[in-house]
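Asks: Got a structure for you, questions after.
The values are calculated or read from the model by the stated rules, or taken from the named source; none is laboratory data. Because the structure is predicted, anything quoted here is derived from the model rather than measured. Because the Cβ atoms are built from the backbone with ideal geometry, glycine has one as well, and the counts that use them run over all protein chains shown.
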Amino acid sequence: MLDRTQIQCIVEHHGKEIILHEHMRIEQNSYQHGVVTTFAHSIRVACLSVWLADRMRLWNRVDQRALVRSALLHDYFLYDWHEWDNGTHRLHGLTHGQTALLNASRDFQLGSVERDSIARHMFPLTLIPPKYLEGYIVSVADKISATRETLSLARFTKPRSRSRRPRMQHA
Ligand SMILES: [Fe+2]
Ligand SMILES: [Fe+2]
């Protein structure tokens, strides 16, 4: 069974290109749940996805690289959904999977497992389920991480204001 350090090495190994991409700075400056940035949330989801696949002994059925990359890119929508923006982000929960896919397809070479897992990670809120096992794992890991981050007491220490970098245009 993989330990924490081994899981982090796997995420770094398969996710280096994504983690080091300049647009990840936008994720580092956007809160996702409570005090957790979208970047930190994505790393957590990637680590938890690898942990789940490992503990369920799924490595003969799961593409490890596609799993890590899908998890790192599942919320690659590149805006702060808490910011008021003329109502544009009102349907964030329903639309951000597609926005993440558009942005990720522009910035990285994606395979079919990655594309489907990113687009459908909000199932069952969005009605179409993932096509691949990797997509189900990312979706479960996302919901576990989001619940833990939202319920964390650390959210009450969130700074009230912070400087932000200019936002990029969406694809
Ligand atoms: Fe999401
Ligand atoms: Fe997420």
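Residues are listed down the side, and each one gets a yes or a no for (1) farther than 27 Å from L151 by Cα; (2) surrounded by 21 or more Cβ atoms within 10 Å (Cβ to Cβ); (3) charged (D, E, K, R):
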| residue | (1), (2), (3) |
| --- | --- |
| D3 | no, no, yes |
| Q8 | no, no, no |
| I19 | no, no, no |
| T38 | no, yes, no |
| W51 | no, no, no |
| D54 | no, no, yes |
| L73 | no, yes, no |
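Asks: Can you run down the residue pairs with Cβ atoms below 7 Å, 6 or more apart or on separate chains, where the first is in the stretch 85-105 and within 15 Å of ligand 2 (Cβ to nearest atom) and the partner is of a type in the set (D, E, K, R) and at pLDDT 90 or above?
Replies: H96/D75; G97/R120; A100/D75; L101/R115
Asks: How many residues, within the stretch 27-58, are more than 12 Å from ligand 1 (Cβ to nearest atom), closer than 19 Å to L2 by Cβ and of a type outside the set (D, E)?
Replies: The qualifying residues number 14.
Asks: Count, please, the residues in the stretch 109-150 that happen to be within 14 Å of ligand 2 (Cβ to nearest atom), of a type in the set (S, T, N, Q) and farther than 15 Å from L72 by Cα.
Replies: Selection size over the stretch 109-150: 3.
One line per residue, one yes/no per condition, for (1) surrounded by 24 or more Cβ atoms within 10 Å (Cβ to Cβ); (2) under 12 Å from the mean Cα position of the chain (by Cα):
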residue: R61; (1), (2): no, no
residue: S70; (1), (2): yes, yes
residue: W81; (1), (2): no, no
residue: G93; (1), (2): no, no
residue: I118; (1), (2): yes, yes
residue: E134; (1), (2): yes, no
residue: D142; (1), (2): no, yes
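Asks: Still on this structure, please answer the following. Go through the stretch 125-148 and give me each residue that's within 12 Å of ligand 1 (Cβ to nearest atom) and in a helix (DSSP H, G or I).
Replies: Keep residues of the stretch 125-148 that are within 12 Å of ligand 1 (Cβ to nearest atom), which gives 125-126, 138-139, 141-143, 145-146.
Of everything in the stretch 125-148, those that are within 12 Å of ligand 1 (Cβ to nearest atom) and in a helix (DSSP H, G or I) turn out to be V138, S139, A141, D142, K143, S145, A146.
Asks: Take the residues in the stretch 149-171 that are in a helix (DSSP H, G or I) and out of contact with any Asp or Glu (no Cβ under 9 Å at 6 or more places or on another chain), then tell me which one is modelled with the highest pLDDT.
Replies: Here is the first cut: in the stretch 149-171, the ones in a helix (DSSP H, G or I) are 149-151, 153-157.
Going one step further and asking which of them are out of contact with any Asp or Glu (no Cβ under 9 Å at 6 or more places or on another chain), we end up with 149-151, 153-154, 156-157.
On the way: E149: 90, T150: 86, L151: 87, L153: 76, A154: 73, F156: 71, T157: 68.
Per the criteria, the residue is E149.
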